[in-house]
Amino acid sequence: MTIQLIDITKSYGNHVVLNGITQEIEDGEFFVILGPSGEGKSTLLKVIAGIERPDKGKIIVNGKDMTNLPPEKRNIAMVFQNYALYPNMSVYDNIAFPLKMRKMKKEEIKERVMRVAKLLGIQDILDKNVLKISGGQQQRVAIARALVRDPVFFLLDEPLSNLDARTRFVARGELKRIQKEVGKTFIYVTHDQKEAMSLATRIAVLHKGKFEQVGKPLDLYEYPKTKWVAQFIGDFPMNFLPGNYIGEDPNVEVGFRPEWTELGSGIKAVVDSMEAFGESLYLFCTVDEKFKVILPSKEWHDVGDVVKFEIKKYRKYKDGVLSE
Ligand SMILES: Nc1ncnc2c1ncn2[C@@H]1O[C@H](COP(=O)(O)OP(=O)(O)OP(=O)(O)O)[C@@H](O)[C@H]1O
Ligand SMILES: [Mg+2]
């Protein structure tokens with residue numbers, strides 16, 4: 001099921017939200033659209049689902065133009081952030097609802113509901129009212145309801161954001177397993193780079209109405225195309241210093257991840273603060289009273305300490321763009 005987005009453009013009034021997005025999504029991909037709040041992620045999903053119409057552009061699925069089809073004719077399942085479950089209905093009835101709407105036979109409905117309930121591990125709560133189950137269970141019910149229709153592909157809009165950190169971590173693993181088992185294309189939206197890195201086969205970084213970079217998670221981490229992506233991807237933003245600090249042209253900037261450095265000798269930095277993440281320590285430092293850098297450390301340091309660091313690996317950026 002190949003999905004082609006061609007020059008998708010959408011404005012609200014004179015606010016251009018999507019500015020000519022062209023992208024192909026391959027069959028079976030877990031394609032994650034990543035971007036900060038307000039960049040147009042939900043708008044793009046709604047355009048693909050047919051809930052919003054693009055001002056310009058086309059959506060082609062398996063060679064067929066869907067741009068003018070109403071949502072119900074697209075056979076796409078969408079899972080929203082708030083799950084949009086039918087309140088005061090049982091889990092079973094929620095999952096069965098789209099099939100009842102299609103006037104499917106009772107036995108077939110039952111068979112399908114049982115199959116997805118098993119896949120999601122919610123067989124034991126089918127009789128419960130959806131308002132009386134946990135957030136994690138509600139999220140599974142919403143996914144089950146989407147799965148049961150056997151759609152051509154899935155759109156998921158931050159479906160895990162209502163869960164607490166630990167449940168979210170477990171749910172991520174489950175989502176990945178489910179996607180593998182059903183073997184269908186998922187287009188998944190999130191503002192959380194960590195979530196994107198752990199779920200995606202490919203990530204598209206949405207910024208200023210365009211996909212600023214599309215690639216495999218580790219490629220984005222290793223070779224961010226722009227300074228903006230470099231500072232958005234990663235638990236810490238990439239560090240930047242003028243090139244002359246390491247014998248490069250002063251017109252280029254060198255970008256380096258904290259773990260691409262080694263403390264001991266080299267460039268001087270003053271420690272502003274320190275943070276511990278489990279066993280790892282990170283020093284937040286300033287170089288020459290001007291440039292902020294984050295460095296990993298094996299030892300505790302006091303605020304005001306002077307440390308020295310070497311850059312073991314770096315990328316070069318010219319005018320904010322990766323230059324080689
Ligand atoms: N129906 C609408 N009318 C006018 N403006 C809208 C409408 N829907 C969205 N917008 C605007 O379009 C921009 C993109 O909104 P969208 O909901 O797509 O962002 P998002 O990336 O999903 O954000 P979030 O991460 O907060 O969910 C925002 O500035 C929003 O205010
Ligand atoms: Mg949104």
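The values are calculated or read from the model by the stated rules, or taken from the named source; none is laboratory data. Nothing here was measured: the structure is a model prediction, and the numbers come from that model. Neighbour counts are summed over all protein chains in view; Cβ atoms, including those assigned to glycine, are modelled from backbone coordinates with ideal geometry. All accessible areas refer to the heavy atoms of the entire protein, side chains included, with ligands and DNA or RNA removed. Shrake-Rupley method; radii C 1.70, N 1.55, O 1.52, S 1.80 Å.
Before moving on, here are some points about what is shown:
- Only one of the numbered conditions (1) open to solvent by 50 Å² or more (accessible area, probe 1.4 Å); (2) more than 24 Å from Asn88 (Cα to Cα); (3) away from ligand 2 (no atom under 16 Å from the Cβ); (4) out of contact with any Asp or Glu (no Cβ under 6 Å at 6 or more places or on another chain) is not met by His191, and that is (3).
- Number of positions in region 292-304 that are open to solvent by less than 50 Å² (accessible area, probe 1.4 Å) and either in contact with a helix residue (DSSP H, G or I) (Cβ under 6 Å, 6 or more places away or on another chain) or closer than 15 Å to Phe240 by Cα (or both): 4
- Residue match in region 61-79 (condition: out of contact with any His (no Cβ under 9 Å at 6 or more places or on another chain), closer than 14 Å to Ala204 by Cα and among the aliphatic types (A, V, I, L, M)): no
- Residue match in region 179-197 (condition: aliphatic (A, V, I, L, M), away from ligand 1 (no atom under 16 Å from the Cβ) and within 16 Å of the chain's Cα centre (by Cα)): yes
- Checking each residue in region 124-143 for being among the basic types (Lys, Arg) and either modelled with pLDDT of 90 or more or open to solvent by less than 40 Å² (accessible area, probe 1.4 Å) (or both) picks out Lys128, Lys132.
- Filtered residues of region 37-64 (kept if within 13 Å of ligand 2 (Cβ to nearest atom), within 16 Å of Thr190 (Cβ to Cβ) and in contact with a strand residue (DSSP E or B) (Cβ under 8 Å, 6 or more places away or on another chain)): Glu39, Gly40, Lys41, Ser42, Thr43, Leu44, Leu45
- Index of the failed condition, Leu160 passing every other in (1) modelled with pLDDT of 90 or more; (2) closer than 26 Å to Ile25 by Cα; (3) out of contact with any strand residue (DSSP E or B) (no Cβ under 7 Å at 6 or more places or on another chain): (1)
- The residue pairs whose first member lies in region 154-166 and is under 18 Å from Val182 (Cβ atoms), whose second member is open to solvent by 10 Å² or more (accessible area, probe 1.4 Å) and within 11 Å of ligand 2 (Cβ to nearest atom), and whose beta carbons are closer than 8 Å, counting only pairs six or more residues apart or on different chains, are Pro159/Phe80; Pro159/Gln81.
- Qualifying residue in region 105-128 (condition: assigned to a helix (DSSP H, G or I), touching a residue at least 60 places away in the same chain (Cβ under 8 Å) and touching an Asp or Glu at 6+ places or on another chain (Cβ under 9 Å)): yes
- Looking only at region 5-43, and only at residues there that are acidic (Asp, Glu) and either outside the structural domain of Asn68 (by TED's automatic domain parsing) or farther than 24 Å from Leu160 by Cα (or both), the one that is nearest to ligand 1 (Cβ to nearest atom): Asp7
- Cβ-Cβ under 7 Å pairs, at least 6 apart or on other chains, region 53-71 side assigned to a strand (DSSP E or B), far side open to solvent by 90 Å² or more (accessible area, probe 1.4 Å): Asp65/Lys58
- Single unsatisfied condition, Asn244 versus (1) surrounded by fewer than 17 Cβ atoms within 10 Å (Cβ to Cβ); (2) within 13 Å of Val293 (Cα to Cα); (3) more than 19 Å from the chain's Cα centre (by Cα): (2)
Okay, residues lined up against (1) without any contact (Cβ under 8 Å) to a residue 12 or more places away in the chain; (2) assigned to a strand (DSSP E or B); (3) open to solvent by 40 Å² or more (accessible area, probe 1.4 Å):
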site	(1), (2), (3)
Met1	no, no, yes
Leu5	no, yes, no
Val16	no, yes, yes
Gly20	no, yes, no
Gln23	no, yes, no
Gly38	yes, no, yes
Thr43	no, no, no
Lys46	yes, no, yes
Ile51	no, no, yes
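- Screening Asp249, Asp272, Asp288 for residues that are touching a Gly at 6+ places or on another chain (Cβ under 6 Å) and open to solvent by 50 Å² or more (accessible area, probe 1.4 Å) leaves exactly one candidate, Asp249.
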